[in-house]
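The values are calculated or read from the model by the stated rules, or taken from the named source; none is laboratory data. All figures in this text were calculated on a predicted structure; none of them were measured in a lab. Here the Cβ is made from the backbone with ideal geometry for all residues, glycine too, and neighbour counts use every protein chain on show.
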Amino acid sequence: MKTLLLFFLAPVIMMAAEQTATFKVSGNCNSCKKTITKAANTVSGVRSSDWDKNTKIATVVYDDATAKLPDIKQAIVNAGYDVENIKATDEAYNKLHSCCKYRGKE
Ligand SMILES: [Cu+2]
């Protein structure tokens, strides 16, 4: 009986660990999208990530037992992109391609 219970509970527990977060990330183009999603995907526990250049909203699916949301945001900030109220350093920002420089364009 215990085994049977575990059999049914295991998928529920696993699903509970999977979180989807959406948050704003500044950026302009598909090149930004590549950099933003690549940065998010470097955090272990991140299953998938996406960024919409029109809405500027990033969607990240991650396992919250492994990945923590502030770490995911920080990885994107480190790549040079402002995330909500967290500003990328000028040093990181200046490394972006000229087409990706979003400051002053919003
Ligand atoms: Cu860009």
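I'm told Thr55 meets every condition in (1) exposed (fewer than 14 other Cβ atoms within 10 Å of the Cβ); (2) among the polar types (S, T, N, Q); (3) assigned to a helix (DSSP H, G or I) except one. Can you identify the failing condition by its number?
(3)
Being within 16 Å of the ligand (Cβ to nearest atom), in contact with a helix residue (DSSP H, G or I) (Cβ under 7 Å, 6 or more places away or on another chain) and either among the aliphatic types (A, V, I, L, M) or without any contact (Cβ under 8 Å) to a residue 60 or more places away in the chain (or both) narrows it down to one of Val60, Val83, Val43, so name that one. Let's see the steps before the verdict.
Values: Val60 fails: within 16 Å of the ligand (Cβ to nearest atom); Val43 fails: within 16 Å of the ligand (Cβ to nearest atom).
Going through Val60, Val83, Val43 in turn, just one is within 16 Å of the ligand (Cβ to nearest atom), in contact with a helix residue (DSSP H, G or I) (Cβ under 7 Å, 6 or more places away or on another chain) and either among the aliphatic types (A, V, I, L, M) or without any contact (Cβ under 8 Å) to a residue 60 or more places away in the chain (or both): Val83.
So which of Tyr93, Tyr62, Tyr81 ends up being in a helix (DSSP H, G or I), of a type in the set (Phe, Trp, Tyr), at pLDDT 95 or above and surrounded by 13 or more Cβ atoms within 10 Å (Cβ to Cβ)?
Step by step, each of Tyr93, Tyr62, Tyr81 is checked, and only Tyr93 is in a helix (DSSP H, G or I), of a type in the set (Phe, Trp, Tyr), at pLDDT 95 or above and surrounded by 13 or more Cβ atoms within 10 Å (Cβ to Cβ).
Give the number of residues within region 68-78 that are over 19 Å from Asn30 (Cα atoms) and surrounded by fewer than 21 Cβ atoms within 10 Å (Cβ to Cβ).
5
Given the criteria of a type in the set (Asp, Glu) and within 25 Å of Ala17 (Cβ to Cβ), does Asp50 qualify?
On the way: of a type in the set (Asp, Glu): yes; within 25 Å of Ala17 (Cβ to Cβ): yes.
Considered against the rule, which asks whether it is of a type in the set (Asp, Glu) and within 25 Å of Ala17 (Cβ to Cβ), Asp50 comes out as yes.
Exactly one condition in (1) more than 18 Å from Thr66 (Cβ to Cβ); (2) assigned to a helix (DSSP H, G or I); (3) modelled with pLDDT of 95 or more is false for Gly27; which is it?
Gly27 satisfies all of (1) more than 18 Å from Thr66 (Cβ to Cβ); (2) assigned to a helix (DSSP H, G or I); (3) modelled with pLDDT of 95 or more except (2).
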